[in-house]
Amino acid sequence: MDKTAIRDAATLIVLRDADKNPAVLMGQRGASAAFMPGKFVFPGGAVDRNDAAVPLTPLPDLDQTRLESESTVPAAALAAAAIRELWEETGQVLGTPAPWTDPPQGWRGFAATGHVPNATALQFFFRAITPVGPPRRFDARFFLADAADLVTPPDDFSNAEDELAHLQWVPLAQARQFNLPFITQVVLAELSSHITRGGPPASVPFFRNDDEAHLVSRLGGRSLL
């Protein structure tokens, strides 16, 4: 595998108690990790081949359209990858009860919970490309979901794999005290504005990392910087 190639990826921001004390689910990457060592991040990772072939409830029409308009990657594969990464890294299930008798590799643990992925609960929220320099580069689509749509107890991380440590709900008001990647700081600022505005955003921010004069633009909209 060419580690210099930009890989398609998906990240899931799970928001809890948006009206009273908004917090997001985050964990810390290991100090020896090849990508963003020691940083607190949202659950996420590269899209797997099997993600395009899993059953899932459909994305909302607006988000489906936005994803299809800005990428050749199937929208369903991106949504499924975000939900799979949430399950693997936190043990949390964003799903709908349904039988799933023949899940592909990478999805067997999720299927064993008795659910299929619930993409209806997702909102396409942000897109960012990793800058040149890190050993791995990703074209990540960030999705937003409400913790109320989780089917697992939100504080139970007992089924999580060991990729992220110190899993916790980080209050937005305290997030900047954590060791965050720069792009995560940008996303959290956008999230704070989103909570204030309410409703789906008029357009989706795109952190391109390919133009110093316009690092962030709006997909289908005006430039931000």
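Only the coordinates and a few stated rules stand behind these numbers; no lab work does. Since the model is a prediction, treat every value here as computed from it, not as a measurement. Neighbour counts are summed over all protein chains in view; Cβ atoms, including those assigned to glycine, are modelled from backbone coordinates with ideal geometry.
Express in nm, to one decimal, how much length is gained between D156 and Q105 on full extension, taking 0.36 nm for each residue of separation and deducting their alpha carbon distance. Please report the intermediate quantities before stating the final value.
Details: separation 51, 0.36 × 51 = 18.36 nm, distance 2.41 nm.
Working it through step by step, the gained length comes to 16.0 nm.
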### Query
Can you list the HN-Hα couplings for segment 98-109, worked out from phi with the Karplus curve (6.51, -1.76, 1.60; θ = phi - 60°), rounded to whole Hz and with x for Gly and Pro?
5, x, 9, 8, 9, x, x, 4, x, 10, 5, x
### Full-stretch length increase - Q64, S193 - with 0.36 nm per residue and alpha-carbon distance subtracted
44.2 nm
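What does the charge count around A10 come to, taking other residues whose C-beta lies under 13 Å from its C-beta (Lys +1, Arg +1, Asp -1, Glu -1)?
Details: positive: R7, R84, R127, R141; negative: D8, D48, D51, D63, E85, E88, E89, D139.
Local net charge: -4.
Which value in deg cm²/dmol, rounded to the nearest 500, describes the helix-derived mean residue ellipticity at 222 nm for the chain, given -39,500 (n - 2.57) per DSSP H run of n ≥ 4 and division by the residue count? List each step's numbers first, then the result.
Details: 4 runs with 46 residues, N = 225.
That calculation yields -6500 deg cm²/dmol at 222 nm.
Let me make sure I get this right: for segment 6-219, a, b and c are the square roots of the gyration tensor eigenvalues over alpha carbons, sorted descending. Under 1.5 in a/c it's rounded, otherwise prolate if a/b > b/c, else oblate. Which is it?
Values: a/c = 1.29, a/b = 1.20, b/c = 1.08.
Since a/c stays below 1.5, the shape of segment 6-219 is classed as rounded.
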### Query
Can you give the extra length, in nm with one decimal, that the chain gains between D19 and T57 once fully stretched, where that is 0.36 nm per residue apart less the Cα-Cα distance?
11.0 nm
### Fraction of antiparallel bridges per DSSP, the chain only, in percent to nearest 5
70 percent
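Quick one: I83, I129, I183, fewest Cβ neighbours within 10 Å first, how do they rank?
Details: I83 30, I129 17, I183 21.
Going from sparsest to densest Cβ surroundings: I129, I183, I83.
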